[in-house]
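A.B. asks: Let me give you the structure first, and then I'll get to my questions.
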Amino acid sequence: MDPEGLALLLPPATLATLAESWLREDCPGLNHMALITGAASSQAVLWAKSPGVLAGRPFFDAIFAQVNCQVSWLLPEGSKLVPVAKVAEVRGPAHCLLLGERVALNMLARCSGVASAAAAAVETARGTGWAGHVAGTRKTTPGFRLVEKYGLLVGGAASHRYDLGGLVMVKDNHVVAAGGVEKAVRGARQAADFSLKVEVECSSLPEAAEAAEAGADLVLLDNFRPEELHPTAAALKARFPNVGVEASGGITLDSLPQFCGPHIDVISLGMLTQAAPALDFSLKLFAEGATPVPYAHCS
(Lines give C-alpha, C1' and ligand atoms only; values in the text may rest on other atoms or scores of the structure.)
Protein backbone atom coordinates (compact mmCIF):
# COMPACT_ATOMS: atom_id res chain seq x y z
CA MET A 1 0.00 0.00 0.00
CA ASP A 2 1.30 3.46 -0.91
CA PRO A 3 2.06 5.30 2.38
CA GLU A 4 0.93 8.58 0.77
CA GLY A 5 -2.60 7.21 0.37
CA LEU A 6 -2.91 6.14 4.00
CA ALA A 7 -3.85 9.68 5.05
CA LEU A 8 -7.27 9.00 3.51
CA LEU A 9 -7.94 6.56 6.38
CA LEU A 10 -7.82 9.37 8.94
CA PRO A 11 -11.08 11.34 9.47
CA PRO A 12 -10.32 15.10 9.50
CA ALA A 13 -12.51 15.67 12.55
CA THR A 14 -10.62 12.99 14.49
CA LEU A 15 -7.29 14.51 13.49
CA ALA A 16 -8.44 17.95 14.64
CA THR A 17 -9.75 16.59 17.95
CA LEU A 18 -6.52 14.73 18.70
CA ALA A 19 -4.37 17.74 17.81
CA GLU A 20 -6.49 20.02 19.98
CA SER A 21 -6.27 17.64 22.97
CA TRP A 22 -2.48 17.31 22.67
CA LEU A 23 -2.02 21.09 22.45
CA ARG A 24 -4.34 21.66 25.39
CA GLU A 25 -2.37 19.14 27.46
CA ASP A 26 0.88 21.02 26.74
CA CYS A 27 -0.55 24.50 27.34
CA PRO A 28 -3.82 24.46 29.30
CA GLY A 29 -3.38 28.00 30.61
CA LEU A 30 -1.15 31.01 30.07
CA ASN A 31 1.60 30.80 27.46
CA HIS A 32 4.20 33.09 29.02
CA MET A 33 6.76 32.56 26.26
CA ALA A 34 4.40 34.14 23.72
CA LEU A 35 5.25 37.55 25.22
CA ILE A 36 8.92 36.92 24.44
CA THR A 37 8.56 35.55 20.92
CA GLY A 38 5.73 37.80 19.75
CA ALA A 39 3.46 37.31 16.75
CA ALA A 40 5.81 38.24 13.91
CA SER A 41 5.75 35.96 10.88
CA SER A 42 8.45 33.29 11.24
CA GLN A 43 9.71 30.19 9.48
CA ALA A 44 11.36 26.99 10.66
CA VAL A 45 12.82 23.84 9.14
CA LEU A 46 12.04 20.31 10.32
CA TRP A 47 15.21 18.21 10.38
CA ALA A 48 15.51 14.43 10.75
CA LYS A 49 18.62 13.58 12.76
CA SER A 50 18.35 9.80 12.90
CA PRO A 51 17.72 7.13 10.26
CA GLY A 52 14.35 5.47 9.89
CA VAL A 53 10.98 5.83 8.18
CA LEU A 54 9.07 9.11 8.11
CA ALA A 55 5.52 8.70 9.43
CA GLY A 56 2.91 11.02 10.91
CA ARG A 57 2.54 13.81 8.37
CA PRO A 58 -1.28 14.10 8.68
CA PHE A 59 -1.04 14.48 12.47
CA PHE A 60 1.81 16.99 12.14
CA ASP A 61 -0.31 19.03 9.71
CA ALA A 62 -3.31 18.89 12.04
CA ILE A 63 -1.29 20.16 15.00
CA PHE A 64 0.03 23.18 13.13
CA ALA A 65 -3.35 23.88 11.54
CA GLN A 66 -4.72 24.29 15.09
CA VAL A 67 -2.17 27.07 15.73
CA ASN A 68 -2.57 28.83 12.38
CA CYS A 69 0.69 27.64 10.81
CA GLN A 70 1.33 26.12 7.38
CA VAL A 71 3.53 23.11 6.66
CA SER A 72 5.32 22.50 3.35
CA TRP A 73 6.67 18.96 3.07
CA LEU A 74 9.87 18.18 1.23
CA LEU A 75 9.73 14.40 1.67
CA PRO A 76 6.73 12.05 1.18
CA GLU A 77 5.21 9.87 3.88
CA GLY A 78 7.12 6.60 4.22
CA SER A 79 10.44 8.09 3.07
CA LYS A 80 13.62 6.44 4.27
CA LEU A 81 15.42 9.10 6.27
CA VAL A 82 19.17 9.54 5.90
CA PRO A 83 20.32 12.12 8.48
CA VAL A 84 20.66 14.95 8.53
CA ALA A 85 17.62 15.34 6.24
CA LYS A 86 15.56 18.46 5.58
CA VAL A 87 11.99 17.16 5.90
CA ALA A 88 9.64 20.16 5.91
CA GLU A 89 9.25 23.90 6.40
CA VAL A 90 6.72 25.46 8.78
CA ARG A 91 5.56 29.08 8.59
CA GLY A 92 3.36 31.15 10.87
CA PRO A 93 3.32 33.60 13.79
CA ALA A 94 6.35 32.96 16.00
CA HIS A 95 4.40 32.31 19.19
CA CYS A 96 2.08 29.88 17.36
CA LEU A 97 4.91 28.06 15.65
CA LEU A 98 6.66 27.49 18.98
CA LEU A 99 3.39 26.53 20.68
CA GLY A 100 3.04 23.60 18.27
CA GLU A 101 6.73 22.69 18.15
CA ARG A 102 7.12 20.16 20.98
CA VAL A 103 3.73 18.54 20.50
CA ALA A 104 4.40 18.01 16.79
CA LEU A 105 7.92 16.71 17.36
CA ASN A 106 6.79 14.30 20.09
CA MET A 107 4.12 12.86 17.83
CA LEU A 108 6.35 12.61 14.76
CA ALA A 109 9.23 11.02 16.67
CA ARG A 110 7.03 8.28 18.07
CA CYS A 111 4.97 7.63 14.95
CA SER A 112 8.13 7.41 12.85
CA GLY A 113 9.68 5.12 15.45
CA VAL A 114 6.77 2.69 15.14
CA ALA A 115 6.92 2.84 11.34
CA SER A 116 10.67 2.21 11.43
CA ALA A 117 10.29 -0.82 13.71
CA ALA A 118 7.46 -2.15 11.54
CA ALA A 119 9.51 -1.72 8.36
CA ALA A 120 12.46 -3.53 9.95
CA ALA A 121 10.22 -6.42 11.03
CA VAL A 122 8.63 -6.75 7.58
CA GLU A 123 12.05 -6.68 5.92
CA THR A 124 13.33 -9.34 8.31
CA ALA A 125 10.33 -11.59 7.69
CA ARG A 126 10.48 -11.18 3.92
CA GLY A 127 14.19 -12.02 4.06
CA THR A 128 13.27 -15.55 5.15
CA GLY A 129 10.96 -16.01 2.15
CA TRP A 130 7.87 -15.95 4.37
CA ALA A 131 4.86 -14.18 2.82
CA GLY A 132 2.51 -13.94 5.81
CA HIS A 133 1.38 -10.87 7.75
CA VAL A 134 3.62 -9.06 10.24
CA ALA A 135 1.20 -7.34 12.61
CA GLY A 136 1.01 -5.10 15.62
CA THR A 137 -1.15 -5.67 18.70
CA ARG A 138 -3.45 -3.75 21.04
CA LYS A 139 -0.43 -2.97 23.24
CA THR A 140 -0.60 0.72 22.46
CA THR A 141 -0.23 3.96 24.41
CA PRO A 142 -3.58 5.13 25.84
CA GLY A 143 -4.81 8.12 23.84
CA PHE A 144 -2.19 7.57 21.14
CA ARG A 145 -3.47 4.38 19.49
CA LEU A 146 -4.53 5.92 16.19
CA VAL A 147 -1.05 7.34 15.64
CA GLU A 148 0.67 4.05 16.50
CA LYS A 149 -1.68 1.94 14.37
CA TYR A 150 -1.16 4.37 11.50
CA GLY A 151 2.61 4.12 11.98
CA LEU A 152 2.40 0.33 11.63
CA LEU A 153 0.68 0.74 8.27
CA VAL A 154 3.23 3.26 7.00
CA GLY A 155 5.96 0.77 7.93
CA GLY A 156 4.25 -1.93 5.87
CA ALA A 157 2.88 -4.03 8.75
CA ALA A 158 -0.73 -4.98 9.45
CA SER A 159 -2.35 -3.00 12.25
CA HIS A 160 -4.34 -6.00 13.60
CA ARG A 161 -7.67 -5.17 15.26
CA TYR A 162 -7.97 -1.49 16.09
CA ASP A 163 -10.07 -2.06 19.19
CA LEU A 164 -12.20 -4.69 20.92
CA GLY A 165 -14.90 -4.29 18.29
CA GLY A 166 -12.72 -5.10 15.30
CA LEU A 167 -12.35 -8.82 15.96
CA VAL A 168 -13.82 -11.16 18.57
CA MET A 169 -10.67 -12.45 20.25
CA VAL A 170 -11.17 -15.10 22.91
CA LYS A 171 -8.16 -14.99 25.21
CA ASP A 172 -7.15 -17.24 28.11
CA ASN A 173 -9.05 -15.17 30.68
CA HIS A 174 -12.21 -15.28 28.55
CA VAL A 175 -11.93 -19.08 28.40
CA VAL A 176 -11.67 -19.28 32.18
CA ALA A 177 -14.61 -16.90 32.63
CA ALA A 178 -16.75 -18.79 30.11
CA GLY A 179 -15.98 -22.22 31.54
CA GLY A 180 -14.01 -23.73 28.67
CA VAL A 181 -12.89 -23.27 25.09
CA GLU A 182 -16.02 -24.67 23.44
CA LYS A 183 -18.40 -22.53 25.50
CA ALA A 184 -16.27 -19.45 24.91
CA VAL A 185 -16.15 -19.98 21.15
CA ARG A 186 -19.88 -20.67 20.92
CA GLY A 187 -20.56 -17.43 22.76
CA ALA A 188 -18.09 -15.58 20.56
CA ARG A 189 -19.72 -16.94 17.39
CA GLN A 190 -23.10 -15.69 18.55
CA ALA A 191 -21.65 -12.27 19.38
CA ALA A 192 -19.73 -12.05 16.09
CA ASP A 193 -22.74 -12.98 13.96
CA PHE A 194 -21.78 -12.82 10.24
CA SER A 195 -19.76 -9.60 10.33
CA LEU A 196 -16.74 -10.40 12.50
CA LYS A 197 -14.11 -13.12 12.67
CA VAL A 198 -13.45 -15.10 15.84
CA GLU A 199 -9.92 -15.74 17.05
CA VAL A 200 -9.02 -17.95 20.01
CA GLU A 201 -5.82 -17.88 22.04
CA CYS A 202 -4.60 -21.43 22.64
CA SER A 203 -1.73 -22.98 24.59
CA SER A 204 -1.74 -26.51 23.13
CA LEU A 205 -2.69 -28.49 20.03
CA PRO A 206 -5.75 -30.11 21.69
CA GLU A 207 -7.00 -26.67 22.75
CA ALA A 208 -6.41 -25.28 19.24
CA ALA A 209 -8.23 -28.22 17.66
CA GLU A 210 -11.15 -27.74 20.07
CA ALA A 211 -11.33 -24.06 19.13
CA ALA A 212 -11.26 -24.83 15.40
CA GLU A 213 -13.89 -27.55 15.81
CA ALA A 214 -16.12 -25.08 17.65
CA GLY A 215 -15.95 -22.59 14.79
CA ALA A 216 -12.93 -20.33 15.31
CA ASP A 217 -11.71 -18.53 12.19
CA LEU A 218 -8.23 -18.01 13.58
CA VAL A 219 -6.16 -19.63 16.29
CA LEU A 220 -3.53 -17.70 18.23
CA LEU A 221 -0.66 -19.91 19.32
CA ASP A 222 0.63 -17.81 22.18
CA ASN A 223 4.08 -18.06 23.78
CA PHE A 224 5.08 -21.17 21.84
CA ARG A 225 8.76 -21.83 21.31
CA PRO A 226 9.59 -22.12 17.59
CA GLU A 227 10.36 -25.86 17.89
CA GLU A 228 6.84 -26.38 19.30
CA LEU A 229 5.07 -23.81 17.18
CA HIS A 230 5.69 -25.21 13.71
CA PRO A 231 4.69 -28.86 14.34
CA THR A 232 1.58 -27.65 16.20
CA ALA A 233 0.61 -25.34 13.34
CA ALA A 234 1.26 -28.09 10.78
CA ALA A 235 -0.91 -30.58 12.67
CA LEU A 236 -3.70 -28.03 13.06
CA LYS A 237 -3.63 -27.08 9.37
CA ALA A 238 -3.72 -30.74 8.37
CA ARG A 239 -7.08 -31.12 10.12
CA PHE A 240 -8.41 -27.60 9.58
CA PRO A 241 -6.79 -26.15 6.44
CA ASN A 242 -9.04 -23.07 6.39
CA VAL A 243 -8.21 -21.94 9.92
CA GLY A 244 -5.75 -19.06 10.14
CA VAL A 245 -2.81 -19.44 12.50
CA GLU A 246 -1.23 -16.52 14.35
CA ALA A 247 1.97 -16.70 16.38
CA SER A 248 2.58 -14.22 19.17
CA GLY A 249 4.19 -13.76 22.55
CA GLY A 250 7.58 -12.21 23.26
CA ILE A 251 8.72 -12.19 19.63
CA THR A 252 11.51 -9.72 18.83
CA LEU A 253 13.23 -8.58 15.64
CA ASP A 254 16.10 -10.96 16.43
CA SER A 255 13.88 -14.00 17.02
CA LEU A 256 11.33 -13.22 14.30
CA PRO A 257 12.92 -15.42 11.58
CA GLN A 258 12.50 -18.49 13.81
CA PHE A 259 8.72 -17.98 13.84
CA CYS A 260 8.32 -17.64 10.07
CA GLY A 261 7.02 -20.88 8.58
CA PRO A 262 4.70 -22.31 5.93
CA HIS A 263 1.84 -22.96 8.36
CA ILE A 264 1.94 -19.54 10.07
CA ASP A 265 -0.32 -16.87 8.59
CA VAL A 266 0.25 -13.97 11.01
CA ILE A 267 3.05 -13.04 13.40
CA SER A 268 2.17 -10.27 15.83
CA LEU A 269 4.73 -8.31 17.84
CA GLY A 270 3.78 -6.08 20.76
CA MET A 271 7.26 -4.57 20.70
CA LEU A 272 6.47 -2.70 17.47
CA THR A 273 4.38 -0.27 19.51
CA GLN A 274 5.66 -0.88 23.05
CA ALA A 275 9.40 -0.78 22.46
CA ALA A 276 9.99 1.15 19.24
CA PRO A 277 12.69 3.81 19.81
CA ALA A 278 11.59 7.33 18.92
CA LEU A 279 13.36 8.99 16.00
CA ASP A 280 15.19 12.26 16.54
CA PHE A 281 13.67 15.34 14.88
CA SER A 282 14.22 19.03 15.52
CA LEU A 283 12.47 22.20 14.40
CA LYS A 284 14.81 25.18 13.95
CA LEU A 285 13.70 28.74 13.29
CA PHE A 286 15.73 30.78 10.84
CA ALA A 287 15.75 34.45 9.92
CA GLU A 288 14.43 35.63 6.56
CA GLY A 289 17.27 35.44 4.04
CA ALA A 290 19.41 33.19 6.26
CA THR A 291 20.46 29.64 5.39
CA PRO A 292 18.64 27.09 7.59
CA VAL A 293 20.94 24.85 9.66
CA PRO A 294 19.98 21.73 11.63
CA TYR A 295 21.95 22.64 14.73
CA ALA A 296 22.07 25.81 16.79
CA HIS A 297 25.59 27.17 17.23
CA CYS A 298 26.79 29.34 20.07
CA SER A 299 29.30 32.05 19.21
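The values are calculated or read from the model by the stated rules, or taken from the named source; none is laboratory data. Keep in mind that this is a model prediction, so the values were computed, not measured. Note: ideal-geometry Cβ built from the backbone for every residue, glycine included; neighbour counts use all protein chains shown. The area values use the complete protein model at the heavy-atom level, side chains included, leaving out ligands, DNA and RNA. Shrake-Rupley method; radii C 1.70, N 1.55, O 1.52, S 1.80 Å.
A.B. asks: Mind checking which residues of segment 112-145 are out of contact with any Ser or Thr (no Cβ under 7 Å at 6 or more places or on another chain), closer than 17 Å to ILE264 by Cβ and crowded, with 16+ Cβ neighbours inside 10 Å? Write out each step before concluding.
C.D. replies: Narrowing segment 112-145 to residues out of contact with any Ser or Thr (no Cβ under 7 Å at 6 or more places or on another chain): 112-113, 115-134, 138, 141-145.
Still in the list and also closer than 17 Å to ILE264 by Cβ: 121-122, 124-134.
ALA121, VAL122, THR124, ALA125, TRP130, GLY132, HIS133, VAL134 - these are the residues of segment 112-145 that are out of contact with any Ser or Thr (no Cβ under 7 Å at 6 or more places or on another chain), closer than 17 Å to ILE264 by Cβ and crowded, with 16+ Cβ neighbours inside 10 Å.
A.B. asks: Which condition breaks for SER72 when tested against (1) touching a helix residue (DSSP H, G or I) at 6+ places or on another chain (Cβ under 8 Å); (2) among the small types (Gly, Ala, Ser); (3) within 30 Å of GLU288 (Cβ to Cβ)?
C.D. replies: Among (1) touching a helix residue (DSSP H, G or I) at 6+ places or on another chain (Cβ under 8 Å); (2) among the small types (Gly, Ala, Ser); (3) within 30 Å of GLU288 (Cβ to Cβ), the lone unmet condition for SER72 is (1).
A.B. asks: List pairs: first residue in segment 44-71 and at positive phi, second residue surrounded by fewer than 20 Cβ atoms within 10 Å (Cβ to Cβ) anywhere in the structure, Cβ distance under 7 angstrom, at least six positions apart or on different chains.
C.D. replies: As it stands, the answer is ASN68/PRO93, since those pairs meet every condition given.
A.B. asks: While we're on this one: Quick one: how many residues across segment 206-240 are farther than 19 Å from HIS133 by Cβ, over 30 Å from the mean Cα position of the chain (by Cα) and crowded, with 17+ Cβ neighbours inside 10 Å?
C.D. replies: Residues meeting the conditions: 4.
A.B. asks: Return the residues of segment 243-298 that are within 22 Å of the chain's Cα centre (by Cα), surrounded by fewer than 19 Cβ atoms within 10 Å (Cβ to Cβ), β-branched (Val, Ile, Thr) and in a loop (DSSP other than H, G, I, E, B); say none if nothing qualifies.
C.D. replies: Of everything in segment 243-298, just one residue is within 22 Å of the chain's Cα centre (by Cα), surrounded by fewer than 19 Cβ atoms within 10 Å (Cβ to Cβ), β-branched (Val, Ile, Thr) and in a loop (DSSP other than H, G, I, E, B), namely THR252.
A.B. asks: Kindly list the number of the only condition in (1) closer than 25 Å to ALA131 by Cβ; (2) open to solvent by 50 Å² or more (accessible area, probe 1.4 Å) that fails for GLN190.
C.D. replies: (1)
A.B. asks: Also: In segment 172-186, which residue that is closer than 18 Å to LEU218 by Cβ and touching a helix residue (DSSP H, G or I) at 6+ places or on another chain (Cβ under 9 Å) is surrounded by the most Cβ atoms within 10 Å (Cβ to Cβ)?
C.D. replies: VAL185
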